[in-house]
Amino acid sequence: MASRMKSIFSVDVEDWFHILDLPSTPGISEWGSLPSRVEANFMKLLDIFSEHGAVTTCFFLGWVAERYPHLVREALARGHEIASHGYAHELVYEVGEERFLRDVTRAKKLIEDIAGCEVLGYRASGFSITGDVPWFFDQLARAGYRYDSSVFPAMRGHGGMKGVNLGPYPVSNRAGRIVEFPITVARVLGKTLCFFGGGYLRLFPYPVIRAMAQRVLGEGRPVIFYIHPREIDPSHPRLPMGIMRRFKSYVNLGATERKIRRILDEFELTTFRAFLEDSTSLRKDS
Ligand SMILES: [Zn+2]
């Protein structure tokens, strides 16, 4: 009998002001002077994970790991996988090839030095992978990563690619081999929609999220859930923004912790690293 398909719960470990591409988005030189919430929120998340006996993958922003290295060590000590969200939270399609390579190399080295173990995985800010960055997988392999979870196989504000695989798939290139875990979408009425992270997870009622997740698992794909520490902190400061972005960024914050707890209870979870180790087809070296 085939083993049951597991799901993956992931956290992009960043602060409340790391919202992209707004006139009010603060630059990196201002971050240190803003009132940080990531430490308290991430510790609260770790406690929630422990209460439910859940393992997750934590994509640390390098800037956050550098300032709060104990968060990396605490997550590792509780059995979570440590991965990289890059260093400076820039949109991949805006930075160019060389600056991208520098950013992901710096983040990997920094987080590995803190964690004392190898970092295999990467997630881009804003899932900002498009057809305009054909060098993306090559540079990621060059920096020494083994998998990525940044491709968003539907249209969205940042990034988004149509017509790519919906389940995990290997990408071989000059510098090596990367396994891509696209953000999970479900097929609904001929469209692909995400229900499993960010504003989508907060917006849809839990029974809809569960039904869509079961549909995805039934198709033999893992569900990749993703959240940010600010999403369990309804009273975090707000960045000024237009009404549509405001809705998407802040809708239903008060209900998110409850949803997260139900997901942790009802889904069988693993990390990207363990998923790769368990999958002979994805693990196979070319
Ligand atoms: Zn981010």
Select from the range 86-102 the residues that are out of contact with any helix residue (DSSP H, G or I) (no Cβ under 8 Å at 6 or more places or on another chain) and not in a loop (DSSP other than H, G, I, E, B) and write down the one among them that is nearest to Ala65 (Cα to Cα).
Arg102
Do you know which residues across the range 203-248 are charged (D, E, K, R), surrounded by 20 or more Cβ atoms within 10 Å (Cβ to Cβ) and in a helix (DSSP H, G or I)?
Arg230, Glu231
Residue that is nearest to the ligand (Cβ to nearest atom), among those in the range 17-48 that are touching a Lys or Arg at 6+ places or on another chain (Cβ under 7 Å) and closer than 26 Å to Val223 by Cβ
Asn41
Restricting attention to the range 82-115, which residues are away from the ligand (no atom under 12 Å from the Cβ), of a type in the set (Gly, Ala, Ser) and free of Cβ contacts under 8 Å to residues at least 40 places away in the same chain?
Gly96
Quick check, is Ile8 within 20 Å of the chain's Cα centre (by Cα), closer than 30 Å to Gly167 by Cβ and away from the ligand (no atom under 16 Å from the Cβ)?
yes
Among the residues of the range 199-237, the number that are in contact (Cβ under 8 Å) with a residue 40 or more places away in the chain and either under 21 Å from the mean Cα position of the chain (by Cα) or at positive phi (or both) is 23
Within the range 103-119, the residues that are surrounded by 15 or more Cβ atoms within 10 Å (Cβ to Cβ) and part of a helix (DSSP H, G or I) are Asp103, Val104, Thr105, Arg106, Ala107, Lys108, Lys109, Leu110, Ile111, Glu112, Ile114, Ala115
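The numbers here are math on the coordinates, done by the rules we state, and not lab data. Small disclaimer: the values here were computed from a predicted structure and weren't measured. Reconstructed Cβ throughout: ideal geometry from the backbone, glycine too, with neighbour counts over all protein chains shown.
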